[in-house]
Each structure stands twice: as structure tokens, then as C-alpha cells.
1. May I ask you to verify whether A:Val227 is more than 10 Å from chain B (Cβ to nearest Cβ), touching a residue at least 12 places away in the same chain (Cβ under 8 Å) and within 24 Å of the chain's Cα centre (by Cα)?
2. May I ask you to say which residue of B:Thr122, B:Thr194, B:Thr188 is closer than 24 Å to B:Gly46 by Cα and more than 20 Å from the chain's Cα centre (by Cα)?
3. Identify the residue in the stretch B:61-77 that is in contact (Cβ under 8 Å) with a residue 40 or more places away in the chain, surrounded by fewer than 19 Cβ atoms within 10 Å (Cβ to Cβ) and within 14 Å of chain A (Cβ to nearest Cβ) and, among all such residues, is nearest to B:Leu183 (Cα to Cα).
4. Any chance you could count how many residues in the stretch A:60-75 are surrounded by 13 or more Cβ atoms within 10 Å (Cβ to Cβ) and either closer than 18 Å to A:Val30 by Cβ or of a type in the set (Val, Ile, Thr) (or both)?
5. Could you tell me which residue of the stretch A:203-217 is nearest to the other protein chains (Cβ to nearest Cβ), considering only residues that are in contact (Cβ under 8 Å) with a residue 12 or more places away in the chain and in a helix (DSSP H, G or I)?
6. Which residues, counting only those in the stretch B:141-161, are more than 13 Å from chain A (Cβ to nearest Cβ), surrounded by fewer than 17 Cβ atoms within 10 Å (Cβ to Cβ) and more than 27 Å from the chain's Cα centre (by Cα)?
7. State yes or no: is A:Leu188 away from chain B (no Cβ under 14 Å) and of a type in the set (A, V, I, L, M, F, W, C)?
Amino acid sequence: MLRYVAHRLLASIPVLFLVTLISFSLMQLVPGDPAILIAGLQATPEEVERVRQQLGLDQPFHVQLISWYAHLLRGDLGSSLLLGRDVLDIILERLPVSFSIALYALLLTVGVGLVAGILAALRQNSWIDQLVMTVALLGVSLPNFWLALMFIVLFAVQLGWLPSGGYVDFRDDFWGWLRATTLPAVSLAMLQMGLLARITRSTMLEVLRQDYIRTARAKGLPQHLVVGKHALKNVMIPVVTVLGIVLSLLLSGSVVIETIFSIPGIGSLVGSAILRRDYPVIQGGLLFVATMLLLLNLVVDLIYAWLDPRIRYGHGE
Amino acid sequence: MSARERDPILSVRGLTTELRTESSRFHAVDAVSFDLFPGEVLGIVGESGCGKSMTALSILGLVPRPPGRIVAGEVWFEGRDLVRASERELQRVRGAKIAMIFQEPMSSLNPVFTIGEQIAETLRHHERLGRRAARERAVELLAKVGIPSPAERLDSYPHELSGGMRQRVMIAIALACNPKVLLADEPTTALDVTIQAQILDLLQRLQAELGMAVVIITHDLGIVAEFAHRVLVMYAGRVIEEGAVEAIFESPAHPYTRGLLASLPDLEGEIGRLSAIPGSVPQMGALGPGCRFAPRCGLVEPACLAADPPLARTGARAVACRRAALAAAPRERVA
């Protein structure tokens, strides 16, 4: 198992290299110049050129790239072109924000999506089933930015129950954090909740038809053990498989959602950095997000092996 | 059988289970009645789809719903009608007093739990044993069903075991709480021939040892001849003949039973073509008013198509055929 983990971690290095290479190249292709933004629109071409030299943006592409990698090896992600601050500091500062919202959304996804899917399967074709499947279909089909705006209109503007944006640190004020993050987390989780509810329902229906469920009933086990133990562990196998997809959706969705709710997280950081062509921040942010995704997928695969004894990693390598 | 002198342990009366499909609904089990006596082995034989498995599932209230539903009848066990018992009462009977094993050992065990857990679970649930005590009993049970080095096997997962071993585990689960009745639904059908014999020997040995009553459901008359004391022959959801094994094998009364026996390969006689019953099992959704076997019967006469003959009982024998007397004549006369 340890060997497998080490192997996976080593294999993620080329992936991260490719991610940064592609993002670096893409930003070079996109028109726009951070030097103009920094120097100001009234600046003369000479002033802009001076700024460009200061930032090292006059260097050829490969020189910039190699210099970035050289710094990275020393653990230096560079500093923001516009804020002048260390990129790693900015990311670490915003990490708890994004992470706490993502965790909230993940809990909602698994809690609500899984339970709703199981209920729908157990009461197949009932009104509960119809309701769950309708809401799930809406969640999967409606774009999250539109949902977020509608939530703001309804819950913040009309009803005034929850704030329309902003962020409160959970270490300062947990209830404030919960109020501030509920709308973003729900908007972020809607798609995944729908996805998970649908997958859970169809898997549960499939599992409940299996012979081993009949065996569990023939043993005289009560319904809660038949479903909550014998069926659930089997249902979790495909569910955990889609958790990998769910996590990537959470990360990509956070760019839009954090921007809409003006939350100072990694998503809005990378989003605004792209608009301002703040190359070091974009690179650092993407590298960070990609690393998180790779690690989380590794965790998912390990859970997968724990759930299904027929899967064993680390043999025959 | 001396067992007959006592009261039956399980008494099925007029059990009728309806199956609904999108296009039709029919009685997969149609007014089935029989008694099972303590220590007795009762064979239920018939072709696939004749309702024999559905009968066993109906007894334990395990008919998948939808599409199935018990619409009539009684199943008397220990002074209680299981058809009218609550789900909680049924749960106390299942696995503890009436246990069941199935045809598919490959898929009947849960793939994500160890076999030790799957055996011990029943004991913890029904007998309120602690974790360690249940584990110890599980080892004993595995030894009892002939699994080598049972203590090590306890932590194996089903996929690490062969089909025969898995069926042994299923038997261990079924026997965990010393049930009074074992319903064995085609327990050897999915296994290799050599393994079939081993499993059958095991069941026979355990039956004798524990003195439990067994209902063995099979399409294999060889198993019935070897294992059962009494036979119930089912056709299209109905019991069409009943009697002691020797009597049925010596003088089958129903043309269908005769056909079944005639289709057995005869190892001692000359080698020729196997005789088969012409036609196939009728579409259950589209049954006429007459005898269900009439379309395939060589002895059919117009009256057979008018009404379905009732199961007529004479002593220990019962048969549902208007022409039973004729059919009882020497075998050669049946096509």
C-alpha cells in the first residue's frame, strides 16, 4: 500500500509539470499585457516598456518559463505582479476560505445527495422519488451561477435571511461563517447533489435486486441492516468513484461562485488574476489546485480499495 | 415414515402467489398445500418456472414486491400463520427457525464483507452473541461444513473462495442458529458435478445429524431419489402429484411425472435417444380453463380441456389428473 502511494505521488509530478506548462503557454497566447495595467492607460510606451523590463516580461518565453521552474524548485512561487506580495502567502491566506466552503459543499453533497438517492430508491415511484429526481434533474441542468443569483435574489434580497456576499472567518465567528457560506456552498453543491442523488438511486435499485440482499433478508436481518449495511457498502463503491469527479467540479465551480459572492478564496483569486494577467498568481494558483485534485483523487482511490476487497493496489507492480 | 405420526412442523395451505408483469398477471404459485414433518426431507420437483422457488420464497415472505404478492393461503409454523405475520415476526423466524440456501453461491454472498462477518452476523442478531463468541461459533460452523483451516478462512472474502466453498459457507450461515426447517432452493444446480455430490452428501449428513426438516427444491430427480423421503411434483404453479419417493418412482400416476421419469437417462439399459416431454412449459399469463399439462399430454381427451382437475388424495398419494388410472399403467404406453 505504501509503495502504491509513493508510486502515485511520483507519477503526479509529470502531471503537475504539464499543467503548469500548458497554463503558462496559454497565458502567452491570450492578448493583454499586465505592464499596461500596472503603468496605467495614460502611460507612455517608454514607461510601459520600463515596467515590462522590471517585471522580466521582456524576456523570451522559454527564459521566463525556465526561471519560473527554477524558482519553484526552491519553493518560491514568485510574487504577484499587481499586489507585489508573495504568491504563496496569498494562497495560504485564502486557502482556509476556499477549503472551508468546499468542505461544506462536499458535506452537503454527500449528506443530502446520498440520503436523497437512497430514499428515492427505497420508495421507488413514490412522490418522494419523483420529488428527488425532479430536484436532482434541476440541480444537474441549471447553471450554478444562475442558481447563485436566484438564491441571492430570494434569500438575501427578498427574504433577507442570509447575506448576499462576503466572508466571515470561522475562527472568529462560526455562526457568521455559516450564514456567509451557506448560499455559496448550496449553489456550489447543487450540481453535485443532483449528480450524486441520481447515481445513488440507480445504484441502490441495482444493488437491492442482488442475490446477496435476498440472503441478508433470508437471514432475518431487519431492514436497517439490510439497507444500511449490506446494500450501502456496495452502493458506496460507484458513489466513491464519482466523488473524484465531484471534487473537480467543486474546484472549478468555486471560481464563479466565489466571484459572485465576493468571497476572498482561491477561486476568485485565480479568476481575477486571469483578468489582470497576473501570471505568477495564475501559475501558483493552478499549480496549487492541480496538486489538491491529485491528492484528493489518491484519497478517493484508497477509500475505494478499502470499500471493495476485490481491489488491491500495490500487487504486481 | 415414522415422522408422519407426529404433527407437521410446517403446514402450507392453499398458498397462492401472484406475479404481475406489465402485460399480464398470473399465479406463479397456485393453491399449493403440503405438510412438512419434523426430520423429514421433502423434495419439490418441476421444470424451471413451475413455481417451486417462488413457493419457498413465499413461505418466508421473501417474494420480491413488486412484482410478487401472496394473495391467498396460510403457512402454519409453530402455531402462527406466517402469511399474516408482521415483518418483525417474520424476521425472528427467518434465519433462526427457518433458514434458506439458494441456487447461486457465486452471488448469494455479499462481496464486500468477510465470510466470518456474514456468518457471525446472524448469530449476533438472533442469539445476541458478543463479537468474540459469534466468531468462535463461526469457526465451528465452518469446520462443520467441511471447510479446511476454518480459523484462517474466516477473514476471507467470497471472491477468494470457489463455488463449492461458497455454498458451504451459505450452508454454515443457514445452520448458524440450528433452524428447525431448511429450505434448499436448487443448492447444487450451479456447481460442478463432483462438487454437487459433495454438497449433497454434506446436506444429507447435516440433516441426519441435526434432525432438521428439509425442503429440497430441484429439477434433478436423482437428487430426490437419493435424498428425499417424500416428493411434491409441481407443474405451472400447481402441485400435480405427491407421494413417497419409492411410490412415485415405481408407479408415477401423473403423465407429467411419468414423462419426467422417462426423460432420465437409463444407465443400465440400452443406449438410445433420451425421451423428452414434447412442447414446453405454458405461458403462465395465458392459461386455459383445462388441465395445465393438457397441451403436452399424450393421454389428453376433450374433458381434460374443460376443467383443471383437483388434487385427489388417496392415503399418502395424491394426483391431479383425470386419466391418472390410465397413466398408472406400464410406462411404455406413454409417448
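1. Values: more than 10 Å from chain B (Cβ to nearest Cβ): yes; touching a residue at least 12 places away in the same chain (Cβ under 8 Å): yes; within 24 Å of the chain's Cα centre (by Cα): no.
Against the criterion (more than 10 Å from chain B (Cβ to nearest Cβ), touching a residue at least 12 places away in the same chain (Cβ under 8 Å) and within 24 Å of the chain's Cα centre (by Cα)), A:Val227 does not qualify.
2. Values: B:Thr122 fails: closer than 24 Å to B:Gly46 by Cα; B:Thr188 fails: more than 20 Å from the chain's Cα centre (by Cα).
Answer to the selection: B:Thr194.
3. Narrowing the stretch B:61-77 to residues in contact (Cβ under 8 Å) with a residue 40 or more places away in the chain: B:63, B:66-77.
Keeping just the survivors that are surrounded by fewer than 19 Cβ atoms within 10 Å (Cβ to Cβ) gives B:66-69, B:71-72, B:74, B:76.
When the remaining residues are screened for being within 14 Å of chain A (Cβ to nearest Cβ), the result is B:66-68.
Details: B:Pro66: 22, B:Pro67: 22, B:Gly68: 19 Å.
Across the stretch B:61-77, the extreme among qualifying residues is B:Gly68.
4. Within the stretch A:60-75, residues that are surrounded by 13 or more Cβ atoms within 10 Å (Cβ to Cβ) and either closer than 18 Å to A:Val30 by Cβ or of a type in the set (Val, Ile, Thr) (or both) number 3.
5. Initial filter on the stretch A:203-217 (in contact (Cβ under 8 Å) with a residue 12 or more places away in the chain): A:203-205, A:207-208, A:210, A:212-213, A:216.
Cutting the leftovers down to in a helix (DSSP H, G or I) gives us A:203-205, A:207-208, A:212-213, A:216.
Details: A:Thr203: 13, A:Met204: 15, A:Leu205: 12, A:Val207: 10, A:Leu208: 9, A:Tyr212: 4, A:Ile213: 8, A:Ala216: 7 Å.
By that ranking, first place goes to A:Tyr212.
6. Residues of the stretch B:141-161 more than 13 Å from chain A (Cβ to nearest Cβ): B:141-154.
Now restrict to residues that are surrounded by fewer than 17 Cβ atoms within 10 Å (Cβ to Cβ): B:143, B:148-149, B:151-152.
Across the stretch B:141-161, the qualifying residues are B:Pro148, B:Ser149, B:Ala151, B:Glu152.
7. Working: away from chain B (no Cβ under 14 Å): yes; of a type in the set (A, V, I, L, M, F, W, C): yes.
Against the criterion (away from chain B (no Cβ under 14 Å) and of a type in the set (A, V, I, L, M, F, W, C)), A:Leu188 qualifies.
For every residue, the table says whether it meets (1) out of contact with any helix residue (DSSP H, G or I) (no Cβ under 9 Å at 6 or more places or on another chain); (2) of a type outside the set (Val, Ile, Thr).
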| position | (1), (2) |
| --- | --- |
| A:Ala70 | yes, yes |
| A:Asp89 | yes, yes |
| A:Val97 | no, no |
| A:Ile101 | no, no |
| A:Leu108 | no, yes |
| A:Gly113 | no, yes |
| A:Asp129 | no, yes |
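The values are calculated or read from the model by the stated rules, or taken from the named source; none is laboratory data. Keep in mind it's a predicted model, so treat the numbers as computed, not measured. Because the Cβ atoms are built from the backbone with ideal geometry, glycine has one as well, and the counts that use them run over all protein chains shown.
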